[in-house]
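To keep things clear, I will list the structure first and then write my remarks on it.
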Amino acid sequence: MQNPEVFILAIESSCDDTAAAVLHNDKVLSNVVANQLIHNQYGGVVPELASRAHQQNIVPVIDAALRKANVQKEQLSAIAFTQGPGLMGSLLVGTSFSKSLSLALNVPLIAVNHMHAHILAHFIDEEGYDKPEFPFLALTISGGHTQIVKVNSFFDMEIIGETTDDAVGEAFDKSAKILGLPYPGGPLIDKYAKEGNPKAFPFTKPKVPGLDFSFSGLKTAILYFIQKNKQQNPNFIEENLNDICASIQHTIIEILMDKIKLAVKETGITQIAIGGGVSANSGIRSTLKETESKYGWKTFIPKFEYTTDNAAMIGIVGYQKYLSNRFETSAVVSKARIEF
């Protein structure tokens, strides 16, 4: 029987967003995120600046999360935090603070794998959103990861396909950079793609065996395509931006869907959930939703605020670990790379 009074404070600091959330069992009471806009001028995240900004943001963000949830520190049942993967300096800020708060309040400490959290965010109790049943397939797509995961239970997950080089988020952002779009460019490709013809410029899909992915070749093909056409017409990008973005996005979605279809065929599992920052892409969301009527799949698309890095997803894993007494000592360490 589950405890009706479990309050989890969750802290996420794996990259450039400082986030804190408070959960009452599996329900989110608050989910606060402080973005670091300073990185935009550099065209990517600067690790040293990220860790310094986390140090400035972590206390006010946690304070805001507790106030918004109307929960006192003394009511907390446990502290959950992102152990990895991520930027080491950023992770250390969240880990150190979580350890200190756990000791000060004398409550359990719970370490969370960031990628597990993207998958298990689907188990947050949210009105209007169904929860998948085990086993299901999870497509985790972000700036650093592209994985197909067979999820057997909360703590039994197996990667059955992953990228051999670049992640899908990097493919979006690098393509945007080639087009001269500002960072972060992925959302801008999605925006312009809505007004373009997805079949205007065909790009060759990489041939990768099994369920693995590759995006480095596609990035190179896009670069050469743009260079060639700009030589012939210096205004090529400006005159064709919507069609170029639509074609790039269409190709990336086809690559993802081809592998998911193969995974369904190999496993027989027809429940598909997506997670990670790139799952905010409208083209990917609508294409996956179409598979319900097209192939008879059951698909799970998270609420937008649970796709990008956030602490609510850390909190739901923390809640499940709390129920199973999966706690850490203060000897636990951050890990930039962590075993899945």
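The values are calculated or read from the model by the stated rules, or taken from the named source; none is laboratory data. Since the model is a prediction, treat every value here as computed from it, not as a measurement. Neighbour counts are summed over all protein chains in view; Cβ atoms, including those assigned to glycine, are modelled from backbone coordinates with ideal geometry. These area figures cover heavy atoms from the full protein model, side chains too; ligands, DNA and RNA do not enter into them. Shrake-Rupley method; radii C 1.70, N 1.55, O 1.52, S 1.80 Å.
Some observations on this one:
- Residue that is nearest to residue 18 (Cα to Cα), among those in segment 296-313 that are open to solvent by 50 Å² or more (accessible area, probe 1.4 Å) and either at pLDDT below 95 or not small (Gly, Ala, Ser) (or both): 308
- Boolean, residue 246 is farther than 30 Å from residue 17 by Cα, hydrophobic (A, V, I, L, M, F, W, C) and in a helix (DSSP H, G or I): no
- Residue among 293, 330 that is at pLDDT below 95, open to solvent by 60 Å² or more (accessible area, probe 1.4 Å) and either in a helix (DSSP H, G or I) or farther than 25 Å from residue 134 by Cβ (or both): 330
- Strands (runs of 3 or more DSSP E) contained in segment 42-152 and holding at least 3 residues over 30 Å from residue 292 (Cα atoms): 78-84, 109-113
- Members of segment 199-219 that are open to solvent by less than 60 Å² (accessible area, probe 1.4 Å), at negative phi and within 25 Å of the chain's Cα centre (by Cα): 206, 208, 211, 212, 213, 214, 215, 216, 217, 218, 219
- In this structure, residue 186 does satisfy being open to solvent by less than 50 Å² (accessible area, probe 1.4 Å) and at pLDDT below 95.
- Answer residue from segment 230-249, given it is open to solvent by less than 20 Å² (accessible area, probe 1.4 Å) and either touching a residue at least 40 places away in the same chain (Cβ under 8 Å) or within 10 Å of residue 192 (Cβ to Cβ) (or both) and is farthest from the chain's Cα centre (by Cα) among those: 237
- Scanning segment 20-51 for residues that are closer than 26 Å to residue 174 by Cα and at pLDDT 85 or above gives 33, 34.
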